[in-house]
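Q: Below: one structure in structure tokens.
The values are calculated or read from the model by the stated rules, or taken from the named source; none is laboratory data. Since the model is a prediction, treat every value here as computed from it, not as a measurement. Don't worry about glycine lacking a Cβ; one is built from the backbone with ideal geometry, like all the others, and counts go over all protein chains shown. Surface areas here come from the heavy atoms of the whole protein model, side chains and all, with no ligands, DNA or RNA. Shrake-Rupley method; radii C 1.70, N 1.55, O 1.52, S 1.80 Å.
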Amino acid sequence: MKVRVIHLVVFGTMLFCLPKGILADDTSRISTGVTVPIIQSMDFSPVSFVFPDVTSTHLDEGFIEARDAATVTVSSNVPWQLTVQSEDPDMGKVEEHIKTLSDFLWKKSGDTHYTAISIKGHRVDSSAGYADHQKIELDYKMLVGWTRDKPGTYGLTLRFTLGTLE
């Protein structure tokens, strides 16, 4: 009989010393979440562009044109807009001749009208929706002429800005 009492006491002690999870169900709640910020990205290809050499035909026509000269790839998780502007006040000077910015024109491929570049931003494209690697192809046109330009090299730096739709 003493043996049984000892066994019962030992067994009872073991029950009270067991981890809480073994004795009863336990419920816990945790919450989790994530904050998704505004994320926009833009890739540009090619990163630089040089018109082919101007020929007498281009001088006769008054321009040299480059179709699909550049592609801008836009991704945005909010409504967005893409703008372009020149970082330079003109396209450079050869002797006393300054080539004006208005001689450089751009448009989205497929559009009919070109827009002259300026130091003010012009909207290239926008969307009230989102963009998932949306490609925007651009055409460039440079006005040239027999009496319009002195022989030399001209250039400008374009700044493309991707922002939220305003």
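Q: Helix 2-17 against the longest principal axis of the chain: what's the angle in degrees, Cα atoms only, rounded to the nearest 10?
A: Approximately 20 degrees, to the nearest 10.
Q: Oh, and also: Between V36 and T73, what's the calculated FRET efficiency when r is the beta-carbon distance and R0 is 30 Å? Round to 0.05. All intermediate terms of the calculation are to be shown ahead of the outcome.
A: Values: r = 21 Å, r/R0 = 0.70.
The calculated FRET efficiency here is 0.90.
Q: Find the accessible area per residue for segment 31-79; the probe is 1.4 Å, ligands and nucleic acids are left out, and the unit is Å².
A: Value returned for segment 31-79: 67 Å² of accessible area per residue.
Q: How much accessible surface area, in Å² rounded to 10, belongs to the heavy atoms of L162 with a 1.4 Å probe?
A: Accessible area of L162: about 30 Å².
Q: If N is the number of residues in the chain, what value comes out of its Cα radius of gyration divided by 2.2 N^0.38 Å? Write out the running numbers ahead of the final one.
A: On the way: Rg = 34.4 Å, N = 166, 2.2 N^0.38 = 15.3 Å.
Rounded to two decimals, the normalised Rg is 2.24.
Q: Same structure again: Around K99, with a cut-off of 13 angstrom between Cβ atoms, what is the net charge of the other residues, counting Lys and Arg +1 and Asp and Glu -1? Don't skip to the answer; put the middle values down first.
A: Values: positive: K93, R148, K150; negative: D88, D90, E95, E96, D103, D149.
After counting each charged neighbour, the total is -3.
Q: Give me the net charge of D68's neighbourhood, meaning all other residues with Cβ under 9 Å from the Cβ of D68; Lys, Arg count +1, Asp, Glu -1. List each step's numbers first, then the result.
A: Values: positive: R67; negative: E137, D139.
Residues close to D68 contribute a combined charge of -1.
Q: Now, a different point. Just add up the charged neighbours of F44: K/R +1, D/E -1, any other residue whose Cβ is under 14 Å from the Cβ of F44.
A: After counting each charged neighbour, the total is -2.
Q: Quick one: how many lysine pairs does the chain have with C-alpha atoms less than 22 Å apart and a gap of 8 or more or different chains? Give me the count, please.
A: 15
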